[in-house]
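**Student:** Dumping the structure here so I can ask a few things about it.
The values are calculated or read from the model by the stated rules, or taken from the named source; none is laboratory data. These numbers were taken from a predicted model, which means no experiment stands behind them. Protein only, heavy atoms only, side chains kept; ligands, DNA and RNA dropped before computing areas. Shrake-Rupley method; radii C 1.70, N 1.55, O 1.52, S 1.80 Å.
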Amino acid sequence: QLSLGPGPFVTALESATDKTAELVGKPARAFYQLALADMGLLNDPGSVAMVGDDVLADLGGGAQELGLQRYLVRTGKYRPGDEAKASAPLDGTFDSFAAIVHELCPT
């Protein structure tokens, strides 16, 4: 079955509004800045943890540049050895999201 990605819809909206879209997503710095600003933590990015299964798309780029805590989870897209793809040391690697939560939020 054929399906369209977001590109044609963005183009249609740009054409209909005579505006240029600004696309923001991981791993762009702007993506994380918008999230931090929304949470009122733009001046304290180190207090925020990003959890992801993709070292480059989830934990690289803006997450690293802004100084977020970065945790890799060995689920989903993760493949053995992905840790080595990180250009800076991660704050931790865990087998599951639950294990990260247990470590960061002990009861």
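**Student:** So what is the diffusion coefficient of the chain in µm² per second by Stokes-Einstein at 10 °C and 1.306 mPa s, using a Kirkwood Rh over Cα pairs?
**Tutor:** 101 µm²/s
**Student:** Here's something else I'd like to know. Would you list which aspartates and glutamates come within 15 Å of K26, measuring only between C-alpha atoms, while excluding same-chain residues fewer than 8 positions from it?
**Tutor:** D53, D54, D58, E65
**Student:** So, one more: For region 1-81, with all protein chains present and a 1.4 Å probe, just round the carbon and sulfur fraction of the accessible area to a whole percent.
**Tutor:** Using a 1.4 Å probe with all protein chains present, region 1-81 comes out at 56 percent carbon and sulfur.
**Student:** Here's a follow-up. Hey, what do the phi angles of region 41-47 turn into as Karplus ³J(HN,Hα) couplings, whole Hz, using 6.51/-1.76/1.60 and θ = phi - 60°, x for Gly and Pro?
**Tutor:** For region 41-47, the Karplus-derived couplings read 10, 4, 8, 9, x, x, 8 Hz, x marking Gly and Pro.
**Student:** Where does the chain land at 222 nm, in deg cm²/dmol rounded to the nearest 500, when only DSSP H runs of n ≥ 4 count, each adding -39500 (n - 2.57), divided by all residues?
**Tutor:** -9000 deg cm²/dmol
**Student:** Continuing with the same structure: Could you tell me how many cubic angstrom of Cα convex hull volume region 53-107 has per residue?
**Tutor:** Dividing the Cα hull volume of region 53-107 by its residues yields 69 Å³.
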